[in-house]
Structure formats: structure tokens, C-alpha cells
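What follows is a single structure, written as C-alpha cells, with notes after it.
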Amino acid sequence: MRISPPWWKPAPPVLSCCLAVCPAHLTRAEGAPAPTPVCGFDVMPDGRALPVAAGDIALTGPQGSAYRWLHFDLNDPALGHWAEAHLPRVASTALLQSETRPRCDAVLSGAEPGLIVNLRGVNLNPGAEPEDMVSLRLWVTKGCIISARFRKVWAADTLRQDAENGQAPASIGGFLTALTQGLTRRIEAVTLELEERTDASEEALLGDGPATELSVPSLRQEVIKLRRFVTPQREALVNLSEDNSGLFPDQTEPLHEVANHTKRITEELDATRERLAVLQDHIDAQKAAKLSRDSHVLSVIAAIFLPLGFLSGLFGVNVGGMPGMENPTAFWILCALCALLGLGLYLWFKLTKWL
């Protein structure tokens, strides 16, 4: 069919520019390699979890599913391009940051509101220090959860195992509750271990244990590093329980309990830190007392031997007229005098309570 000329008009310059730019942008987005998730599940309302098909990393699950969970490794170089292309700018920036702190912020702009949630968990990976906490970043919307981490987070791995066994949380709120509970339980276990080690150091200090001086500074460092992220995590969990943008109103109370649990852990860490500070002060006081005692003993010894040294030096000069030079017992008489003088000084120091 022929189209008459009046139906066709040249595109405006701005539209022509957009037509020239958009195809190239779409080509780059489509041509970029897709990231491979660590795991992905479509969770049904009854808790059944269906593994996401290979290559299917859409933000929406099939019809009838409660939500879709995609868990990524931040070491995947393709994740950055995918996040920038499919997530809001503020969400992708928060997800890809190299350094994070616990937070929970609602993002109401964009096509679909969501939550930026950054959490921390103890590092239980082999060869790692538990207080060297691992980060977990999440972007949560009404029907999708995007999570990402650099190092393995065992609380997230437990949720993966539950999903594989058909026991996944049936809602997004239930997922976040189970995740935060798992993180908090593991933090509490490490906190209790630090308390037990503090008790052992305290007992060793009272019993003059040999390893106390070395263990207390390392314990203080571990407690400080752990508390550094647990305190803001408590605030993030409070925000998560109070300001969740209506995504999971049924989970407000369980999340509030997790926040209270985290607050108790923070208080226990504060108490442990104070106890270790008191132990360190006691160790420093013991060192100062020992140094003062040793210096006092050395001063008394020097005071006793100072007159003895003077006498021995006086009678050791090679000049004429020295008394006892012709007496064969003069040396022993001098030794007896020195002994009596030393004994007299010792008794005098005892009477004056210098010793």
C-alpha cells in the first residue's frame, strides 16, 4: 500500500538524535555478557522453590510465584554492566560499592519502589578471622530479591540449602527475617566465644597466668572490629522493621525482635570491651608495680654497697702510712668491718621500712 506524502514528516532534531543513540545503547546492553548467579530460585507461596533456568536472570519470576531470588558473586565482571542496565542507578551503585556499612534505605523513585539493604555477617570461611566481617548487599522489590557478596555468607548459603530442600521462606518478608536471624545467630556465637576467652584471660590474670598479657590486646582488637559493624547493623535492622515501604508489613514484629537481639549483642560487646579495658589497666598497673619494686631493690642494694665501695677504695690506695700494712690479719679485720657495716645498713633499712 502506498503512503501519501502528507502522512510522512521528518523527525525533529531531538528525536533524530535519540533514534541515532538508542539503537547503539541497546546493542551494547544486549551484547554485554550476562552474569552467572551463584543461585537463583522462583519461590512459590507454599515455600517450594524452583531453580531458575540457566541464563534466566530477569527481575520477575513466572506467574504464580511469590518472589524471585537471584544471588550473585561481586567478583563476576559481568555483574556491573547488568546491574547498571537493569537496576535503578542508586540501587546499582549501592550494590557495586567496594566498601559498605550496614544500612537500610527506601528508594521510592523509579518504576518500582524498593529497599537498599546492606548487612554484615561474621566471616566463617576457612582460614578467615570471624571478626573480619563479610558484607551482603540486597536490592528488594515487591517481587524480587537481588543479593550480592564478595565472600561466602553462610546465612545466605543456609537459605540456599533450604530452598533446594523445598523449605524456602514463603514471602519476601520471611526471607529477610530468616536471613537477618541467621546473621544475628552467628554474630552472637562469636560474641559468646569472645566472652568465654575474656573469662579465661581474667582467671589467668588473677592466677598469674603466663599468656594473659598477650591475649588481652588481641581480644580487645577483635571486639572492636566486631562492634564496628554490629552497632550500625542494629540501626539498619530497626529501619528495616519500621520503614519497609509496605513490602512486608506482616514481618514487622519478627524483624523488630531481630533488631532487639542485635542490640543485646551490642551491649554484650560493650561490656566485654570494658572488661578487657579493666584487665589491661590491671596488667599495666602490675607491670608498673613490678618495675617500681625492682627499682627500689636496686636502689637499696646500691645504698648498701656505696659505703663498702668507698672503704675498699680508701684502703686500696698505694700510699705510705696506710694502717695495718704490717699486720697480717689487717685484711680479715677490714672484711669483718665491711660485713658489720653492711649488716648494720641492712638492719637500718629494715627498721625504716625501706625493705
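Between the Cα long axis of helix 330-351 and the first principal axis of the chain there is an angle of about 50°, rounded to the nearest 10. Amide H contacts of residue 124: 154, each under 5 Å away and 5 or more positions distant or on a separate chain (H built 1.01 Å from N in the peptide plane; Pro and chain starts excluded). Taking the Cα atoms only, what angle lies between the long axis of helix 13-31 and the longest principal axis of the chain, rounded to 10 degrees? That helix lies at roughly 60 degrees to the long axis. Bridging of residue 353 to lysines at a Cα separation below 20 Å is possible for 290, once same-chain residues fewer than 8 apart are set aside. In summary, the lysines within cross-link reach of residue 142, defined as a Cα separation below 30 angstrom excluding same-chain residues under 8 places away, comprise 152, 263. Highest mobility in the GNM of the chain, judged by mean-square fluctuation with C-alpha springs under 10 Å and restricted to 312, 65, 92, is found for 312.
Placing unit charges on the Cβ atoms only, positive for Lys and Arg and negative for Asp and Glu, gives the chain a dipole magnitude near 920 debye about its Cα centre. Using C-alpha pairs under 8 Å with a sequence gap of at least 6, the mean separation divided by the residue count of the chain gives a relative contact order of 13 percent. Calculated from the structure at hand, Cα Rg over 2.2 N^0.38 Å is found among (i) 0.98; (ii) 1.84; (iii) 1.20 as (ii).
The numbers here are math on the coordinates, done by the rules we state, and not lab data. These numbers come from a predicted model, not from an experiment. Note: ideal-geometry Cβ built from the backbone for every residue, glycine included; neighbour counts use all protein chains shown.
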